[in-house]
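Q: Before I ask anything, here is the structure I am working with.
Here, each number is a calculation from the coordinates, and none is a lab measurement. Not measured: the values here are computed from a predicted model. Cβ sites come from the backbone with ideal geometry, for glycine too, and all protein chains shown count toward neighbours.
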Amino acid sequence: MAELDNKERILVVDDAADTLEVLQRNLASLGYIVFTAPSVSDAINILETTPIDLVITDLKMPKVGGLELVRHVRENFRDTEVMMITGFATIEGAVEAVKTGAEEYLTKPFTDEELFLAVRRALDKLNLRRSTESQNLRLPATAHGLIGESEPIKKIFASITKAASINATVMILGESGTGKELIARAIHYSSPRASAPFIPINCGGIPEGLLESELFGYMKGAFTGAHESRAGFFQTAEGGTIFLDEISETSLAMQVKLLRVLQDKEVCMVGATRTRKVDVRILVATNKELLSLVKKGIFREDLFFRLNVITIVAPPLRDRGDDILLLVNHFASKFARELGRPVQKISDKALLILKNYAWPGNVRELENLIQRLVVMTDNDIIDTPDLPSHMRFSAMREAGFNRTLAEIETEYIKNVLASVKNNKTKAAEILGIDRKTLREKLKNICDISE
C-alpha cells in the first residue's frame, strides 16, 4: 500500500474514448496511477474525492471545455498541475491555455516521447514547488553553519561526528566554495577542544617569506623589525585546533617544518635555538589533488601520508539536489533580515534555473548571488529576468539540446506572442520579421490558415 501511495496520480480528461484508452495505457506503463474522465463534470467529481498530481485535459469538449477545467483546478487545487492537449491547435489557444494556468500544451497528434517528456516536466515543476514550500515550513538540518538534508551532506555530518571524537589529523578536500572551513569548524566545536581557540590560516594568502614567522612566531632580533618576541599561530592555538587552508600552496621548505610539527608536536620560533612543545590539533584543506602534486614533486609524500589520516570530501553544490533550495531560502531570509525588509519570494521558474545550474563557485557563489538579488531586486518576487544572463542562457541551451530548430522557433514565437498579449504587429517587430512572414510561420505551426 505504501508503494501505491508514492506513485504519482494522473487524471486524463477527453470526450474521445479511444484517446482515453491510449493515454491510460501508455502512462500506466510508466508506473503512473491513471484515472480517466469523459467530461469536465466527471473530472471535477474525481478531483473532489481523489488526490491528483496532474490533470491532462482536452481543449474542446461538449458543454464545458478544457479551459474551464484548467481555471477550476487553478482556483481550487493548488497542489495539482495541469496540461492541455488539443487537435485544434492555434497560437491563440496556446496563449490562452498558458495564461489560464496550463503548464504544458501538446498538439495532437503527438508521439509517446513528447507526451512522456511533457508529463515529466509538469510533475517536476509540481515536485519542485512542493519541496520549496515544505522547506519554508521547517528549519533545515544544520551543524555549525552547514545546511543540508541531502545524502552527501548527511555523510559529511556523520564524518564530522567521527572526526570530532578522536584527535587525529583531518584532510578536507573539495572544490572552492564547498564549505571546507565550515567542516573544520564543525569538527573543532564538536570535539573536546571546543572551549580552546580555533585558528584558521589561509596558507595561500600569506607571503612565503612571512609564513614561517606567522605560524611559529619569532624571537626578538630574529630579523630586521623584530623589536620584540611574538608568538605564532601554533602557540596561540594551544589546546585547540589550527586549520591550514590551501595547504597545497606551501613551499617544500615549509612542508619540512610542518612535518616536524606533526611528528614531534614541537615548533621552533624564528631565531630560537630550542623547540617548544605544543598541544594543537591540525586540520588541513585543499581544492587540489595532492597525490598528483606528490607525483610532480611539488608536495612531499611523507607529509601527505602524515596528513591523510582521516579524509573528508566536501561535495560540490551541483551534487546536493534540494539542498540548493534550502540554501536559497536560508540566504534570502538572512540578507532580508540584514536589510530590514520582508523576505522576497522566488518564482518557480527562477528556482528551477537555480537548482539546475552547475554552480562552479558552489555555496560561496550561491550566497553571493542571493545577496545581490535581495539587494538589487525591488519587486516582491525574484523572477527569471533578475538572474544573471549566463544562468538564463545556460538554461536555454540545456533545454534546446534535445529539440529541433523548428521546435525552438515555435516556442520562441509563442512566448513573444504571449508577452505582447497576441498583438501580431508588435510580435513581428520583436521577431524582426514582417506580418506576412509571421502569418506564414503561424500557419506552419498550427497547420491551419488564420
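Q: Please give the FRET efficiency for K345 paired with D18, using the beta carbon to beta carbon distance and R0 = 35 Å, rounded to the nearest 0.05.
A: 0.20
Q: A 21 angstrom limit on the alpha carbon distance is what I want to check against. Which of K63/K424; K7/K125; K414/K443; K414/K436; K108/K349 exceed it?
A: K63/K424; K108/K349
Q: To the nearest 0.05, what FRET efficiency results for R364 and E411 with a Förster distance of 22 Å applied to their C-beta separation? Intermediate values should be presented prior to the final figure.
A: On the way: r = 34 Å, r/R0 = 1.55.
Rounded to the nearest 0.05, the efficiency is 0.05.
Q: Still on this model: Hey, if you put +1 on the Cβ of every Lys and Arg and -1 on every Asp and Glu Cβ in the chain, which of A336, A237, A28 ends up farthest toward the positive end of that dipole?
A: A237
Q: How much FRET efficiency would the formula 1/(1 + (r/R0)^6) give for V64 and S176, where r is the Cβ-Cβ distance and R0 is 60 Å, rounded to 0.05?
A: 0.60
Q: Over the chain, calculate the relative contact order: mean separation of alpha carbon pairs under 8 Å at least 6 apart, over the residue count, as a percent.
A: Values: 672 pairs, mean separation 56.5, N = 450.
Value for the chain: 13 percent.
Q: So who's got an amide H within less than 5 Å of the one on I346, skipping anything under 5 residues away but keeping other chains? H placed 1.01 Å off N, in plane.
A: Amide H neighbours of I346, under 5 Å, 5+ apart: I382.
Q: Contour minus end-to-end for H390 and L252, with contour as 0.36 nm per residue of separation and end-to-end as the Cα-Cα distance? Display every interim value, and only then the final one.
A: Working: separation 138, 0.36 × 138 = 49.68 nm, distance 4.01 nm.
Gain on stretching H390 to L252: 45.7 nm.
Q: Find how much the distance from E48 to R230 grows on full extension, using 0.36 nm per residue of separation minus their present alpha carbon separation; answer in nm with one decimal.
A: Numbers: separation 182, 0.36 × 182 = 65.52 nm, distance 7.63 nm.
Residue separation times 0.36 nm, minus the Cα-Cα distance, leaves 57.9 nm.
Q: Another question, if that's okay. Keeping to pairs on different chains or 8 or more places apart, tell me how many lysine pairs in the range 148-236 have Cα atoms under 26 Å apart. Write out the running numbers ahead of the final one.
A: On the way: K154/K162; K154/K180; K155/K180; K162/K180.
For the range 148-236, qualifying lysine pairs total 4.
Q: Label-point separation (nm) for E75 and R274, each offset 7 Å from Cα along Cα-to-Cβ?
A: 8.9 nm
Q: Same structure, new question: Roughly how big is the chain's charge dipole about its Cα centre, with Cβ charges of +1 (Lys, Arg) and -1 (Asp, Glu), in debye to the nearest 20?
A: So the magnitude is around 1620 debye.
Q: Let me ask you something else. Please sort by residue number the GluC sites (Glu not before Pro) in the range 213-315 whose DSSP state is loop and whose Cβ has at most 13 other Cβ atoms within 10 Å.
A: E228, E289
Q: If we count trypsin sites (Lys or Arg not before Pro) as exposed when they sit in a DSSP loop and have at most 16 other beta carbons within 10 Å, what is the longest stretch of the chain that avoids them all?
A: 297-402
Q: In nm, give the distance between the simple-model label positions of K295 and K443, each being 7 Å from the Cα along the Cα-to-Cβ direction.
A: So the label points at K295 and K443 sit 6.4 nm apart.
Q: Modelled label-to-label distance, E208 and K108, 7 Å Cα→beta-carbon offset: nm?
A: Each label point lies 7 Å from its Cα, and together they span 7.5 nm.
Q: Further question: Name the residue from T286, S251, I346 whose Cα lies farthest towards the positive end of the charge dipole of the range 250-376, charges +1 on Cβ of Lys and Arg and -1 on Cβ of Asp and Glu.
A: In the range 250-376, that residue is S251.
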